[in-house]
Amino acid sequence: MFSLKGRVAVITGASSGLGLQMAHGFAEHGADLVLMARRIKRLEEIAADFRAKGVRCLPLKCDVTNTQEVNSAAERAIEEYGKADILVNNAGAAKDNGISTMTDEEWDFTISTDLTGVFKVTRAFSKYMIERKYGRIINISSIYGLVGNTAVDTVAYHASKGGVINLTRAVAAELARHNITCNCISPGFFETELTADALNTEDFTNFMGAAVPLGRYGREGELNAAAVFLASDEASYITGQNICIDGGYTAI
């Protein structure tokens, strides 16, 4: 079960963190990889490591907010592999601030990266999935797409991630007739390159201890099982769903 042998998995934001972890998860289950991010040198190093293990891997420089780069990356991926079976919209970034102090620039940056970027990448790759009547789209949202929080003021991030969850439902409904599923994963607190500084403060660690029933941050690789499952043929009748991987944060 859950074999991805012969499948091509495209992952945005794949140069570090959850994106890179999921890339390893897909590769371990037999998938070929297309890794997209802005840091091409870092991607090339990662691709070399995968190739040394016998995994086909194509690194592509891509800023998900740039329509031309997104479309070019999709064309290059299809040129290399002839198809894109799995798409993981993982790229994200945010500028934190509250509703009364957030600037237009901070809002636009966050929405453009975390929501509009998902739209642009999905638009670019879905047309190839439609042609082949097959696709697995997995969007990475956040628990902050479902609830507010008292730990940090980050209103644009909440708005963008909430948008990703309902974008998932809309895409799932639209593309179902083409045998394409679209689901969402909403992680809780995982320590990555982008989050380490914030999570490892005393205040946030205390907040997490009180708010997360399992009493800890997510560990490296703990998102992979859900991603591999949703990408597999075993999940063929699941679409439009959002799975929280959060240690129970949204259960209370």
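All of the numbers you see were taken from the coordinates with simple rules; none came from a lab. Because the structure is a prediction, the values reported are computed rather than measured. Here Cβ is always computed from backbone atoms with ideal geometry, including for glycine, and neighbour counts include all displayed protein chains.
Per-structure values
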| quantity | calculated |
| --- | --- |
| Amide H contacts under 5 Å for Phe190, placed H, 5+ residues apart | Gly218 |
| Anisotropy class of the stretch 71-115 from Cα gyration tensor, a/c 1.5 cut | prolate |
| Within straight-line cross-link reach of Lys5, lysines at Cα separation under 17 Å, skipping those fewer than 8 residues along the same chain | Lys53, Lys83 |
| Contour excess over end-to-end distance, with Cα ends at Asp96 and Asn166 and 0.36 nm allotted per residue | 23.0 nm |
| At R0 = 35 Å, FRET efficiency that the Cβ-Cβ distance of Leu194 and Ser72 yields, to 0.05 | 0.90 |
| Segment Asn206-Arg132, length gained on full extension (0.36 nm per residue, minus Cα span) | 21.7 nm |
| Amide H contacts under 5 Å for Ala91, placed H, 5+ residues apart | Thr12, Gly13 |
| For the stretch 30-101 and the stretch 185-209, distance of Cα centres in Å | 24 Å |
